[in-house]
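The values are calculated or read from the model by the stated rules, or taken from the named source; none is laboratory data. This is a predicted model, so every value here is computed, not measured. Neighbour counts run over all protein chains shown; Cβ positions are idealised from the backbone, glycine included.
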Amino acid sequence: MTMDAIEHIARHVVETRFGDLPNEAVAASQKFILDTIGVGLAGGRGPWVEELINAQGPAPACDTARVWGQRKVLDARAAALCNAYQIHNAEYDCVHEQAVVHPVTVVLAASLAEIDRVQSNSGAITSGEQLVRAITVGVDVACHLGVASASPLKFFRPGTCGAFGATAAVAILRGFGAEQLISAFGIAHAQLCGTMQAHTEGSPLLAMQMGFNARNALTASDLAAQGIPGTRHILEGPFGFFAIFEGEHCLDEVLPQLGNLWRITEVAHKPFPSGRATHGIVDACLTLRKEQLFAHGDIRSALARVPPLTHHLVGRPVSKEMDINYARLCVRFVAARALISGNVVSEDFTAEARRDPVTLSLAERIDIEINNNPDPNALSPIELEIEYHNGARMCSRIDIVYGHPAKPMSRTAWLEKFRSNWRRSAVPLSDSACERVIERIDSLPAVTDTATIIDDLVP
């Protein structure tokens, strides 16, 4: 009897043990757990965080978890929602480029909420090996589904694929068998959400969709634990994931890679707090700025030739009325900030910076043109041509974008990113706690109780 695709995936999830994970995958998991925690702490200062937290209501007597960088304890499902929102609202969370998925965001938010809930309810502890296994395999599920899609982005894939990854991770933490996990996948599928309208408008709902899916993964696991069955042909059915949310796919090519290709090793850091689709152009801007030593006032115009997906995601017009979420996804604005300051940092998105006349003037002289790339999910290569007032022209081509494993941030650079994000926590956290978290995650497989990491993420 031929196994359905979801059975293949469920068996991969429940049968993979920590000892099956290659060292490279374990190291990548540790690195991106740390990165994602830092991004989530900084995101606590983002727009609508307080309102979102307040909307969750008072904490129950049990099943609670903590919101990172906040003095707030919530229902675990609500905490997963809020933490995932904090992680994504600054567009600073790591990404799998081929899958077009931020794979750790939903997976880690749900997993740490589950760990926190279990510890608060019963005192039971979750080891570092269990957490690494859950994150690595959960990311694997999310990314394999994203890679299997051969269609242009229609729904918000980081949320939808993230829900499957988070459900897998929580199932590992709970010790589900394959059949129980399939039920949880089916219930998660029934709750999938995330439209690209929020991305198009630059709405805070974009990041909230990550939160909704983190919450829904926990809910799906709760219901499956009670024996409630889910739908079964979740991926390939006539109204399954690919038929409804994606379209054309190559699932048959991807399934054999399970257990052989660990997708977390392909995840890219985000060096800049903006949409990943902006990063190739930023990389080109900074390369030319460094090589040519020009001033931004020397620039008459710039032209970026980009893949269709990049244009779709970030090729939007600039406006002095932009809010922060829109600006982070406007490559004209982000590129202008890079050309002016030689970097892109969180302070580039303040209300004052978004209305800076020099930045807006330069941004309006940057054109975005679609190239002939046939891959609907490609974010590179990109080409940038700058014309100066004296008539000179300079060009740069970026095939691999900074932050990708083939062009990585150094450990020094990503640790500085983490420490900088740590210092942006909504409620100040100590430097000693920061270094303790780095040390614990550096040695995560040997950590006995991962809830002690969460202890350092709250005041």
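Which of the residues spanning the stretch 409-429 are surrounded by fewer than 18 Cβ atoms within 10 Å (Cβ to Cβ), polar (S, T, N, Q) and under 20 Å from the mean Cα position of the chain (by Cα)?
Of everything in the stretch 409-429, those that are surrounded by fewer than 18 Cβ atoms within 10 Å (Cβ to Cβ), polar (S, T, N, Q) and under 20 Å from the mean Cα position of the chain (by Cα) turn out to be Ser410, Ser420.
Counting only residues that are in contact (Cβ under 8 Å) with a residue 40 or more places away in the chain and in contact with a Pro (Cβ under 7 Å, 6 or more places away or on another chain), which one in the stretch 58-100 is surrounded by the most Cβ atoms within 10 Å (Cβ to Cβ)? Show your work before the answer.
We begin by selecting, within the stretch 58-100, every residue in contact (Cβ under 8 Å) with a residue 40 or more places away in the chain; these are 62-71, 76-78, 80-100.
Remaining after also requiring in contact with a Pro (Cβ under 7 Å, 6 or more places away or on another chain): 71, 89-92, 96.
On the way: Arg71: 10, Asn89: 29, Ala90: 26, Glu91: 26, Tyr92: 26, His96: 24.
Filtering the stretch 58-100 for residues that are in contact (Cβ under 8 Å) with a residue 40 or more places away in the chain and in contact with a Pro (Cβ under 7 Å, 6 or more places away or on another chain), the one surrounded by the most Cβ atoms within 10 Å (Cβ to Cβ) comes out as Asn89.
Can we say Ile400 is without any contact (Cβ under 8 Å) to a residue 24 or more places away in the chain, more than 24 Å from Ala295 (Cα to Cα) and either in contact with a helix residue (DSSP H, G or I) (Cβ under 7 Å, 6 or more places away or on another chain) or surrounded by 15 or more Cβ atoms within 10 Å (Cβ to Cβ) (or both)?
Numbers: without any contact (Cβ under 8 Å) to a residue 24 or more places away in the chain: yes; more than 24 Å from Ala295 (Cα to Cα): yes; either in contact with a helix residue (DSSP H, G or I) (Cβ under 7 Å, 6 or more places away or on another chain) or surrounded by 15 or more Cβ atoms within 10 Å (Cβ to Cβ) (or both): yes.
Taking the combined requirement at face value, the residue satisfies it.
What pairs come out if I take residues in the stretch 369-389 that are within 22 Å of Ala338 (Cα to Cα) and pair them with residues that are among the hydroxyl-bearing types (Ser, Thr, Tyr) whose C-beta lies under 6 Å away, six or more apart or interchain?
Final answer for the pair search is Leu379/Thr310; Leu384/Ser396; Glu387/Ser301.
Need at least 2 residues that are in contact with a Leu (Cβ under 7 Å, 6 or more places away or on another chain) and outside the structural domain of Val314 (by TED's automatic domain parsing) per element, so show me which helices (runs of 4 or more DSSP H) inside the stretch 170-280 make the cut, counting only ones lying wholly within it.
Working: elements: 178-191, 197-201, 205-225, 251-254.
Of the helices (runs of 4 or more DSSP H) lying wholly inside the stretch 170-280, those with at least 2 residues that are in contact with a Leu (Cβ under 7 Å, 6 or more places away or on another chain) and outside the structural domain of Val314 (by TED's automatic domain parsing) span 197-201, 205-225.
What tally of residues in the stretch 10-28 results from selecting those that are in a loop (DSSP other than H, G, I, E, B) and crowded, with 17+ Cβ neighbours inside 10 Å? Write out each step before concluding.
Of the stretch 10-28, the ones in a loop (DSSP other than H, G, I, E, B) are 16-17, 21-22.
Checking the rest, the ones that are also crowded, with 17+ Cβ neighbours inside 10 Å come to 16, 21.
Final tally of qualifying residues: 2.
From the list Leu112, Leu74, Leu108, which one is more than 22 Å from Val267 (Cβ to Cβ) and among the hydrophobic types (A, V, I, L, M, F, W, C)? Spell out how you get there, then give the answer.
On the way: Leu112 fails: more than 22 Å from Val267 (Cβ to Cβ); Leu108 fails: more than 22 Å from Val267 (Cβ to Cβ).
Result of the check over Leu112, Leu74, Leu108: Leu74.
Condition first: crowded, with 20+ Cβ neighbours inside 10 Å and assigned to a helix (DSSP H, G or I). Now tell me which residues in the stretch 327-345 satisfy that.
At the first step, the residues of the stretch 327-345 found to be crowded, with 20+ Cβ neighbours inside 10 Å are 327-340, 344.
Ala327, Val331, Arg332, Phe333, Val334, Ala335, Ala336, Arg337, Ala338, Leu339, Ile340, listed by residue number.
Hey, could you check the stretch 430-454 for residues that are out of contact with any Leu (no Cβ under 7 Å at 6 or more places or on another chain) and not in a helix (DSSP H, G or I) and say which is surrounded by the most Cβ atoms within 10 Å (Cβ to Cβ)?
Val447
Among the numbered criteria (1) more than 16 Å from Phe212 (Cα to Cα); (2) assigned to a helix (DSSP H, G or I); (3) over 21 Å from the mean Cα position of the chain (by Cα), which one does Ala59 miss?
The number of the failed condition is (2).
Within the stretch 85-133, which residues are among the hydroxyl-bearing types (Ser, Thr, Tyr) and modelled with pLDDT of 95 or more?
Within the stretch 85-133, the subset among the hydroxyl-bearing types (Ser, Thr, Tyr) is 85, 92, 105, 111, 120, 122, 126-127.
Correct list: Tyr85, Tyr92, Thr105, Ser111, Thr126, Ser127.
Can Phe242 be described as in contact (Cβ under 8 Å) with a residue 60 or more places away in the chain, over 19 Å from the mean Cα position of the chain (by Cα), farther than 15 Å from Ala166 by Cβ and surrounded by 15 or more Cβ atoms within 10 Å (Cβ to Cβ)?
Numbers: in contact (Cβ under 8 Å) with a residue 60 or more places away in the chain: yes; over 19 Å from the mean Cα position of the chain (by Cα): yes; farther than 15 Å from Ala166 by Cβ: yes; surrounded by 15 or more Cβ atoms within 10 Å (Cβ to Cβ): yes.
Here the answer is yes, as Phe242 does meet what is asked.
Looking only at the stretch 143-172, filter to residues that are crowded, with 24+ Cβ neighbours inside 10 Å and among the hydroxyl-bearing types (Ser, Thr, Tyr); which one of those is farthest from the chain's Cα centre (by Cα)?
Going through the qualifying residues, I end up with Ser149.
Criterion first (modelled with pLDDT of 95 or more, in a helix (DSSP H, G or I), farther than 19 Å from His144 by Cα and in contact with a helix residue (DSSP H, G or I) (Cβ under 9 Å, 6 or more places away or on another chain)) does Ala304 satisfy it? Walk me through how you get there before you give the answer.
Working: modelled with pLDDT of 95 or more: yes; in a helix (DSSP H, G or I): no; farther than 19 Å from His144 by Cα: yes; in contact with a helix residue (DSSP H, G or I) (Cβ under 9 Å, 6 or more places away or on another chain): yes.
So Ala304 fails the test.
Ile125 versus (1) assigned to a helix (DSSP H, G or I); (2) in contact (Cβ under 8 Å) with a residue 60 or more places away in the chain; (3) under 25 Å from Lys72 (Cα atoms): which is the lone unmet condition?
Condition not satisfied by Ile125: (1).
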